[in-house]
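Please read the structure below before turning to the comments.
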Amino acid sequence: MKREWRNICLYVDNFSGHKITYQLSNISLEFCEPNMTSFVQPCDAGIIHCFKALYCSNFCSRAIDLDAAGERDIYKINLLEGMTMAKAAWDAVSAKTIQHCWNHSKIQL
């Protein structure tokens, strides 16, 4: 991120374990106000639900393809395949979905 002059803002809840004692480069931390969990969780839930649905859909499609190919253990998956499928599912979560979840939480300015 530093080489590409990219900066991000990371919103973090106010859990005491989230304190960082060193200076971050290209990352600014913004801590949520106390008692924001009830507002933020619907946002998390919507985004995570979408990600899981996409992953499960891909996993089931993979199992059907393996079954059609005559494989015995159609649900067996190695770590690399799982991570690749997770990345594909996350890439498929649209910016519009994330924006909708944030709009629903009504905490942004």
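The values are calculated or read from the model by the stated rules, or taken from the named source; none is laboratory data. Note that this is a predicted model, so its numbers are computed, not measured. Reconstructed Cβ throughout: ideal geometry from the backbone, glycine too, with neighbour counts over all protein chains shown. Surface areas here come from the heavy atoms of the whole protein model, side chains and all, with no ligands, DNA or RNA. Shrake-Rupley method; radii C 1.70, N 1.55, O 1.52, S 1.80 Å.
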For this session: Considering only residues that are in contact with a strand residue (DSSP E or B) (Cβ under 8 Å, 6 or more places away or on another chain), among the aliphatic types (A, V, I, L, M) and open to solvent by less than 80 Å² (accessible area, probe 1.4 Å), look in region 1-37 and name the one that is nearest to His104 (Cα to Cα).
Result: Val12
Exercise. What's the number of the condition Ile20 fails, among (1) closer than 29 Å to His100 by Cα; (2) part of a loop (DSSP other than H, G, I, E, B); (3) aliphatic (A, V, I, L, M)?
Worked result: (1)
